[in-house]
């Protein structure tokens, strides 16, 4: 069956047709070409012509012209629109002109950097000119590093290497910094939240070092579609950036749909499981040999999907080995094999987490199935963009889960199509982030009294660091005098650079099968957890917390595990308050308590156990809403507790609609009597130490969020509450829905 | 949705509030823990070291008097000055065979950190050179960080006429830091014709014998001059950083003493290394003969190297060690165009009793190659056959072999089979 026939079947067969709540077709778009710019070096023109490029897309030519005119730019065009030429052309052209200019390319991950350097080197080879383009990352051997430092025209690396290896040794990179003319920042949308906040500071440091050597590089940025590319780039670079967002690349006709699984229990608001339902939808695609990518929100779901898809493949006489999983925790070699299999066609379907969302080259697929709303409109379009061919038709569908946000999208699909895409947010002035980079900056060059570095808090941070014995003030400058190498202690990706290593002891010779970040470890690899990797189940025999090692053994059981973590919050400082809402700094404690064993497929509870792990504390920022006791005298403690949990559930689920953030970047907790406010309180906190500005934004939206949560609850089709609005009725009680709505509508008045 | 503007409340609370928040968030954890007090004698007490006190030449005593932030100290050592078993004059004679003694500078620095990088200051640069018939040790001490430019100018002057730099671990540590300091001060770093880093010959000559090649151990064991009451190297950055705050100049004396002792040990060790490499067989000190053989072989003295490796064979018991040395021995024989010497050596090794392990199989492979070159095809076949039987035995019982060794054995088995096939063909 062709994709057209399959799509027709979806629209006509009663099993599927009623479940589609949206079905939109976007027409094919023709390419818009222009001639090569007159000013472009003829050697470059010939090399392009030899590789089959006779003209440029309009956006490529525009980028060339803007960069030539000395402007900083950000190019925002879809996947596979020939974005890399937007930076390779002006950079190579400048190198060909002579004068020895150099360029620094930054990619968020090593894998992406390696991908790009291959493509770049192909273009250079066809130029037949000696241009050194090298990857400089953790895998670069020692003797090659010296060559790269002195001879690399183009150095391809990642922000982490710039931060820990290049800037702190800038004197060895004298040639690069003296001649640095261009900095390329690809995948700009990736630099948001804590990573973006760090990167902005790394760029502040880069700017200092360039000024020391007398260079002033221009920035060429590329980004997937986000709501505020210009503003985001300007915030990262701290100067205005020209936005180029009109793509001249062609695209085939695409159909985008939203699918809501059928209701199986109207009273409880339970719909058919999204993973199972996605597999049912996908079976048609498998049958038609349509290469398809599946996106799941969690690792667990990606693994379950792989398992179910393989079963479906067997039914359709497709080789189950042509179905793969892809997520964080797989070894790099496993990932490279899968990527190659996708490009080559030997992999027919892949079940991925957002680990595959970035610009990793897997070719163009015909269909994308999103199992659950990815959390933001921007990443929804990015994931759907994985299906899309230049000439042929493609199909992307979002299959809603029972989650609140998913149900909101499934019942209000216009939100997805008409609402502006979220804005990327960073907070380069997060005190913790800023202070750690001031330390690194002082290590690189003494900080002069008259210097600026970010906000006006610099003098206070410097004074603090002197108190801590890190800096020494002398002769109008602050000198680094601590012994430790500061960049080592600062991870750009998170506050906890550590991972727990997962070791399989099934065979006599133990082997490492993957890693998990430390904050996630208590939930996934506590003792007696079932950890799923590459579709196989492993029982966690032992978690050595101090050594960061989890010992697992392969098992075959019919359940999975779900950990419960008790969360406590203590407000340390209130930054601002408006009547019943406030935001500030808080210490959040996490105490793992028990885990539940849930049967596969039915999710019924078949047992539980205790988790013995230490409590951990997170210093972060939070926003909270107060529901004064006196305004709800009729509610008993249990009733109030249930209602507060319902409010928290709704707020936490609706908040990501307003912030470009992963739902997991926010946590929530409720208190019947908060020690800080003295009243019933619902708190949303940032999962990132020190926060990146989400809490402040929550506070700014305090009224809007309450209203949105109320309409979410009100609009939900369930009778007494369900996971799509206030949470499961069995846990909260039958009145919780009505009471939560009362709290949201009438009790809290956040000015 | 409005564009995000950071609200004033999050950015600029009062100064004290910011420091309080930083404390709560636990920023600045890389700062030094309060250093432990220096537990070494201060000035005035007897310091058991070979180095005589240096005289402060260009500064007064009070810190205030150090106008430009640099203090220069100088000390002289006559040819008869002894440090353990060695005398300065003898050491300089051993070194001076190229005639550039007058253009040689020995250098050792003390720094504010041990990890390197542009935030590491070289606060004390110690130099040694020959002048006025004696060895002059000159120390440039940074009394204030702001005096660095001046210190570097003085250093550049001192290094201007030098051609040959000698250090201990200076290629990786001291000199890159000095180069970085010059670049940061926008000055051109000095350049040399040669930089001898004694850590490399020292490691070859002594690491396996002493279990380490730290300068202090070499000083005690090789020069016979153990150091007492020396300030441990890892304490030095902390002492200096404390000095920057309390400006108690006397606290730096132990570091100056330490640095002078390091420089003297550097010069005398240089003398010892030069003496040993010129005539290793009569050196009269405990040496790692394998490493010594490698070093003299590199200088072209292959006959001496062969004797060094033979001595190494006398000390080597482990099959793996013997195999490693034998390969070097065979190379040295080839270097003096004596393939027969190599063959005899392999035959002799195969003739002695050896455990039937992979090293014996390697030796037999070499024997087979040597016999083939001698057209002794039968003999070569016998050696390959024995080697194969050992290897097959090993592969059958691979319980003890994993990873690289297992792969090595598999490759060896492939090679042996191919060789056997060729031999059978030639044998007819």
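Being in the same structural domain as residue A:591 (by TED's automatic domain parsing) and within 25 Å of residue A:614 (Cβ to Cβ) is a description that applies to residue A:571. Close Cβ contacts (under 9 Å, 6 or more residues apart or on different chains) running from residues in the range A:353-381 that are assigned by TED's automatic domain parsing to the domain that holds residue A:656 to residues that are modelled with pLDDT of 75 or more and surrounded by 21 or more Cβ atoms within 10 Å (Cβ to Cβ) are absent.
Do we have residue A:578 as in contact with a helix residue (DSSP H, G or I) (Cβ under 8 Å, 6 or more places away or on another chain) and either within 14 Å of chain B (Cβ to nearest Cβ) or surrounded by fewer than 19 Cβ atoms within 10 Å (Cβ to Cβ) (or both) here? Quick ask: steps written out before the conclusion?
Working: in contact with a helix residue (DSSP H, G or I) (Cβ under 8 Å, 6 or more places away or on another chain): yes; either within 14 Å of chain B (Cβ to nearest Cβ) or surrounded by fewer than 19 Cβ atoms within 10 Å (Cβ to Cβ) (or both): yes.
Judged against the criteria, residue A:578 is a match.
Of all the residues in the range B:133-154, those that are within 12 Å of chain A (Cβ to nearest Cβ) and either in a loop (DSSP other than H, G, I, E, B) or within 24 Å of the chain's Cα centre (by Cα) (or both) number 2. Considering the conditions (1) surrounded by fewer than 20 Cβ atoms within 10 Å (Cβ to Cβ); (2) touching a strand residue (DSSP E or B) at 6+ places or on another chain (Cβ under 7 Å); (3) closer than 29 Å to residue A:242 by Cβ, residue A:137 is excluded by exactly one of them, (3). Scanning the range A:475-490 for residues that are in contact (Cβ under 8 Å) with a residue 12 or more places away in the chain and either more than 7 Å from chain B (Cβ to nearest Cβ) or touching a helix residue (DSSP H, G or I) at 6+ places or on another chain (Cβ under 6 Å) (or both) returns A:476, A:477, A:478, A:479, A:480, A:481, A:486, A:487, A:488, A:490. For residue A:472, indicate whether it is facing chain B (nearest Cβ under 9 Å), in a strand (DSSP E or B), touching a residue at least 12 places away in the same chain (Cβ under 8 Å) and in contact with a helix residue (DSSP H, G or I) (Cβ under 9 Å, 6 or more places away or on another chain). Here the answer is no, as residue A:472 does not meet what is asked. Would you confirm whether or not the range B:94-101 contains a residue that is assigned by TED's automatic domain parsing to the domain that holds residue B:215, at positive phi and free of Cβ contacts under 8 Å to residues at least 40 places away in the same chain? Yes, some residue in the range B:94-101 is assigned by TED's automatic domain parsing to the domain that holds residue B:215, at positive phi and free of Cβ contacts under 8 Å to residues at least 40 places away in the same chain.
Go through the range A:447-463 and give me each residue that's at the interface with chain B (Cβ under 8 Å from one of its Cβ atoms) and part of a loop (DSSP other than H, G, I, E, B). Outline the logic, then answer.
Of the residues in the range A:447-463, the ones at the interface with chain B (Cβ under 8 Å from one of its Cβ atoms) are A:455-457, A:459-461, A:463.
Matches in the range A:447-463: A:455, A:456, A:457.
Of all residues in the range A:226-240, those being in contact with a helix residue (DSSP H, G or I) (Cβ under 6 Å, 6 or more places away or on another chain) and surrounded by fewer than 23 Cβ atoms within 10 Å (Cβ to Cβ) number 1.
Of all residues in the range B:132-166, those that are under 20 Å from residue B:70 (Cβ atoms) and in contact with a strand residue (DSSP E or B) (Cβ under 8 Å, 6 or more places away or on another chain) total 20.
Restricted to the range B:9-23, and to residues that are more than 7 Å from chain A (Cβ to nearest Cβ) and within 15 Å of residue A:575 (Cβ to Cβ), which residue is modelled with the lowest pLDDT? Looking at residues that are more than 7 Å from chain A (Cβ to nearest Cβ) and within 15 Å of residue A:575 (Cβ to Cβ), I get B:13. Determine, yes or no, whether residue A:70 is in contact (Cβ under 8 Å) with a residue 24 or more places away in the chain, surrounded by fewer than 16 Cβ atoms within 10 Å (Cβ to Cβ) and within 27 Å of residue A:235 (Cβ to Cβ). Yes, satisfied. Of the set (1) assigned to a strand (DSSP E or B); (2) crowded, with 18+ Cβ neighbours inside 10 Å; (3) within 14 Å of another protein chain (Cβ to nearest Cβ), all apply to residue A:617 but (2).
Checking the structure you have, find out if any residue of the range A:43-52 is closer than 30 Å to residue A:282 by Cα and surrounded by fewer than 15 Cβ atoms within 10 Å (Cβ to Cβ). Even if it seems obvious, please write down each step before you answer.
First, pick out the residues of the range A:43-52 that are closer than 30 Å to residue A:282 by Cα: none.
Scanning the range A:43-52, I find no residue that is closer than 30 Å to residue A:282 by Cα and surrounded by fewer than 15 Cβ atoms within 10 Å (Cβ to Cβ), so the answer is no.
Quick check on the range A:252-264. Is at least one of its residues within 14 Å of chain B (Cβ to nearest Cβ) and in contact (Cβ under 8 Å) with a residue 24 or more places away in the chain? Looking through the range A:252-264, none of the residues is within 14 Å of chain B (Cβ to nearest Cβ) and in contact (Cβ under 8 Å) with a residue 24 or more places away in the chain.
With respect to the conditions (1) out of contact with any strand residue (DSSP E or B) (no Cβ under 6 Å at 6 or more places or on another chain); (2) more than 14 Å from chain B (Cβ to nearest Cβ); (3) within 30 Å of residue A:107 (Cα to Cα), residue A:516 lacks only one, and its number is (1). Can you tell me which residue is farthest from the chain's Cα centre (by Cα) among those in the range A:115-134 that are buried (at least 17 other Cβ atoms within 10 Å of the Cβ) and farther than 25 Å from residue A:363 by Cβ? Out of the qualifying residues, it is A:127. Which one is surrounded by the fewest Cβ atoms within 10 Å (Cβ to Cβ), of the residues in the range A:167-220 that are more than 22 Å from the chain's Cα centre (by Cα) and farther than 18 Å from residue B:118 by Cβ? Filtering the range A:167-220 for residues that are more than 22 Å from the chain's Cα centre (by Cα) and farther than 18 Å from residue B:118 by Cβ, the one surrounded by the fewest Cβ atoms within 10 Å (Cβ to Cβ) comes out as A:216.
Hey, among the residues in the range B:238-291 that are within 14 Å of chain A (Cβ to nearest Cβ) and more than 23 Å from residue B:128 (Cβ to Cβ), which one's surrounded by the fewest Cβ atoms within 10 Å (Cβ to Cβ)?
First, pick out the residues of the range B:238-291 that are within 14 Å of chain A (Cβ to nearest Cβ): B:238-247.
From what's left, more than 23 Å from residue B:128 (Cβ to Cβ): B:238, B:241-247.
On the way: B:238: 21, B:241: 20, B:242: 20, B:243: 18, B:244: 19, B:245: 11, B:246: 8, B:247: 14.
It comes out as B:246.
Taken over the range B:155-182, the criterion of being surrounded by 23 or more Cβ atoms within 10 Å (Cβ to Cβ) and part of a loop (DSSP other than H, G, I, E, B) is satisfied by B:168 alone. For the range A:423-445, which positions are at the interface with another protein chain (Cβ under 8 Å from one of its Cβ atoms) and assigned to a loop (DSSP other than H, G, I, E, B)? Of everything in the range A:423-445, those that are at the interface with another protein chain (Cβ under 8 Å from one of its Cβ atoms) and assigned to a loop (DSSP other than H, G, I, E, B) turn out to be A:423, A:425, A:427, A:429, A:445.
In the range A:253-296, of all residues being under 27 Å from the mean Cα position of the chain (by Cα) and assigned to a loop (DSSP other than H, G, I, E, B), the one that is farthest from residue A:81 (Cα to Cα) corresponds to A:273.
Looking only at helices (runs of 4 or more DSSP H) that lie completely in the range B:196-288, which have at least 3 residues being under 18 Å from the mean Cα position of the chain (by Cα)?
Details: elements: B:199-210, B:215-221, B:236-246, B:253-278.
Those helices (runs of 4 or more DSSP H) span B:199-210, B:215-221, B:253-278.
The values are calculated or read from the model by the stated rules, or taken from the named source; none is laboratory data. Computed from a prediction, not measured in an experiment: that's the story for all the values here. Every residue, glycine as well, gets a Cβ built from its backbone with ideal geometry; the counts of neighbours run over all protein chains shown.
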